[in-house]
Amino acid sequence: MSVTTESTHEGLAVTAPFSYLFVPGNRPDRFDKALSSGADAIVIDLEDAVAANDKALAREHIGAWLNAQSDVGERVLVRINDAGTPWFDADLGLVRGSGVRAIMLPKVEHSHQVDRVRAALRSGGFVVPIIESARGVLAVESIAAVPAVQRLAFGTLDYAVDLDLSGDERGLTYPACRIAIASRAAGLLAPIAGVTTDIDDEVKLLADLAFARACGFGAKLCIHPRQVAALHRALAPRPDEIAWAQRVLSAANTARGAVQVDGQMVDRPVLLKAKSILDRAPR
């Protein structure tokens, strides 16, 4: 199930994934499994999940797997290492030499970091910058404005470390809302929320999702397939919501003037809400 909101930034028009599942770049045996996990998109990770001594081999595994695929389209992203690391240039070589169309770039603090990745991508490729620091938040508007940025992601764990937050989620409200506002103003897809590290704590996962949705986020990073299933269940509208949305759209499509459904006037915000509900309904 995918959310079908579309991006208008730089002419991009793509189906928006709701769930992004990480898979370690040094575990090629898991790539196909991740792709069939039910996640809307997978993120093959060259950064945190791969030790320094394993990065070169992981790069080879990723390149070989990508070049063996007929067409993974926009369902596969590669999270490369950030621009301040010694592995960044080699990662850009992977981008140039493989069929990958989507790059997740961590620790973005300046728009020119995204420009360097953009230059390595083939035509039609895009970048998902991760905002993970105070500097990144302050520069988020210029980062969102870079051509080929599809959407932003919020690296909540690294951000909390950067600002030495106490763990109270109230400390994430300002940056989360600013990232969402910058995304909307730039015409990007709604941003992606950070990971929930407690794999077996569905209550925590759904609480993190609710917080992100309240701030305007439209997707979430996952570190285990069980989280994907739980997120999709939480996102799916109830049968009564689907029935209401269908009534609203049906009434709007057949009416010549103002119309009411269940005693409520159907105006543009109501129509948009109905369409959003049906977009989230299981196919």
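Side notes on the structure shown:
- Residue ID - surrounded by the most Cβ atoms within 10 Å (Cβ to Cβ), chosen from residues in the stretch 174-184 that are of a type outside the set (D, E, K, R) and in contact with a helix residue (DSSP H, G or I) (Cβ under 7 Å, 6 or more places away or on another chain): I179
- Qualifying residue in the stretch 21-32 (condition: part of a loop (DSSP other than H, G, I, E, B) and either modelled with pLDDT under 95 or not assigned by TED's automatic domain parsing to the domain that holds A145 (or both)): no
- Some residue of the stretch 108-126 being at pLDDT 95 or above, surrounded by 21 or more Cβ atoms within 10 Å (Cβ to Cβ) and within 23 Å of G38 (Cα to Cα): yes
- Residues that are farther than 24 Å from R233 by Cα, out of contact with any helix residue (DSSP H, G or I) (no Cβ under 8 Å at 6 or more places or on another chain) and surrounded by 10 or more Cβ atoms within 10 Å (Cβ to Cβ) within the stretch 261-282 comprise just one, D267.
- Applying a threshold of 8 Å to beta carbon distances and a minimum spacing of six or more residues, or different chains, the list of pairs starting in the stretch 188-207 at a residue that is in the same structural domain as Q227 (by TED's automatic domain parsing) and more than 20 Å from T173 (Cβ to Cβ) and ending at one that is polar (S, T, N, Q) and not in a loop (DSSP other than H, G, I, E, B) reads L189/S183; I199/Q227.
- Scope the stretch 235-258; condition of a type in the set (K, R) and outside any helix (DSSP H, G or I); matching residues: R238, R256
- Looking only at the stretch 33-63, residues that are out of contact with any Lys or Arg (no Cβ under 8 Å at 6 or more places or on another chain) and in a strand (DSSP E or B) come to 0 in all.
- When the test is whether a residue is part of a loop (DSSP other than H, G, I, E, B), out of contact with any Phe, Trp or Tyr (no Cβ under 9 Å at 6 or more places or on another chain) and of a type in the set (G, A, S), A83 passes it.
- Scanning the stretch 64-80 for residues that are in a helix (DSSP H, G or I) and not hydrophobic (A, V, I, L, M, F, W, C) yields a count of 1.
- Taken over the stretch 127-155, the criterion of being in contact (Cβ under 8 Å) with a residue 60 or more places away in the chain, surrounded by fewer than 24 Cβ atoms within 10 Å (Cβ to Cβ) and small (G, A, S) is satisfied by A148 alone.
- Just one of the listed residues (L188, L235) is over 20 Å from I130 (Cα atoms), surrounded by 15 or more Cβ atoms within 10 Å (Cβ to Cβ) and in contact with a strand residue (DSSP E or B) (Cβ under 8 Å, 6 or more places away or on another chain), namely L235.
The values are calculated or read from the model by the stated rules, or taken from the named source; none is laboratory data. No experiment lies behind these values; they were computed from the predicted model shown. Here the Cβ is made from the backbone with ideal geometry for all residues, glycine too, and neighbour counts use every protein chain on show.
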